[in-house]
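Below is one structure, written out as structure tokens; the observations come after it.
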Amino acid sequence: MNVRNRGKSTERAIAKIFQFDNARRVGILGKEDIVTDRFIIEVKERKSLPKFILSAYKQVEKHRTKDKIPLFILHELNKNHMNDLVILKLKDFLEIIKND
């Protein structure tokens, strides 16, 4: 499967997961991949994720409890913290928004 088809396949899989929020796969080059009632989703697939992100996430994940969800904040030096990125597992994100 070529890279473009593999990416589309991943987009379809994520759209299916978000069907509870009326997900629609857009997938037009340069635009969002998926639109739901509450979210605009861009999907990126890589053979492997950056090691520093995986390492940081593993660090916080080992402190997971049944009532605490781990998340990792990625901050760019000297930038506004309100623009930091939040990284958590999709299953945890879905748990949060479905209980909203």
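Nothing in this text is a laboratory measurement; each read-out follows from the coordinates by a stated rule. Quick caveat, the model's predicted, so the values are computed rather than measured. Neighbour counts are summed over all protein chains in view; Cβ atoms, including those assigned to glycine, are modelled from backbone coordinates with ideal geometry.
From helices alone, the chain scores -11000 deg cm²/dmol at 222 nm; the rule is -39500 (n - 2.57) for each run of n ≥ 4 DSSP H residues, then divide by the residue total.
Near ILE87: Cβ cut-off under 15 Å, other residues only, Lys/Arg at +1 and Asp/Glu at -1. The net charge is +2. Largest GNM mean-square fluctuation among ASP33, ASP67, ASP21, using the chain with Cα springs under 10 Å: ASP67. Taking 24 Å as the limit for the C-alpha separation, the pairs LYS44/LYS66; LYS8/LYS31; LYS16/LYS89; LYS8/LYS79; LYS47/LYS89 exceed it in the case of LYS44/LYS66; LYS8/LYS79.
Under the convention that each Lys and Arg Cβ holds +1 and each Asp and Glu Cβ holds -1, the size of the dipole of the chain around its Cα centre is about 520 debye. Between the helical axis of 51-61 and the longest alpha-carbon principal axis of the chain there is an angle of about 60 degrees.
All Cα-Cα distances of the range 46-100, cut into 5 Å bins from zero to the largest, leave 4, 16, 23, 23, 20, 11, 3 percent in each bin in turn.
Can you give the local net charge around ASP100? Use residues other than it whose beta-carbon is closer than 14 angstrom to its beta-carbon, Lys and Arg +1, Asp and Glu -1.
Net charge in that neighbourhood comes out at -2.
Helix 3-17 and the long axis of the chain differ in direction by around 70°, with both axes built from C-alpha atoms.
Taking Kirkwood radius over Cα pairs in Å straight from the coordinates, which label in (i) 15.5; (ii) 14.4; (iii) 17.4 is the correct one? Computing Kirkwood radius over Cα pairs in Å and matching it to (i) 15.5; (ii) 14.4; (iii) 17.4 gives (i). Of all aspartates and glutamates in the structure, not one has an alpha carbon short of 14 Å from that of LYS62, not counting any fewer than 8 places away in one chain. Per residue, the average separation of C-alpha pairs within less than 8 Å and at least 6 apart gives the range 1-45 a relative contact order of 31 percent.
Here ASP67 and LYS47 are evaluated by their C-beta separation; at R0 = 35 Å the FRET efficiency comes out at 0.50. Summary value for the chain: 14 percent relative contact order, contacts being C-alpha pairs under 8 angstrom separated by 6+ residues.
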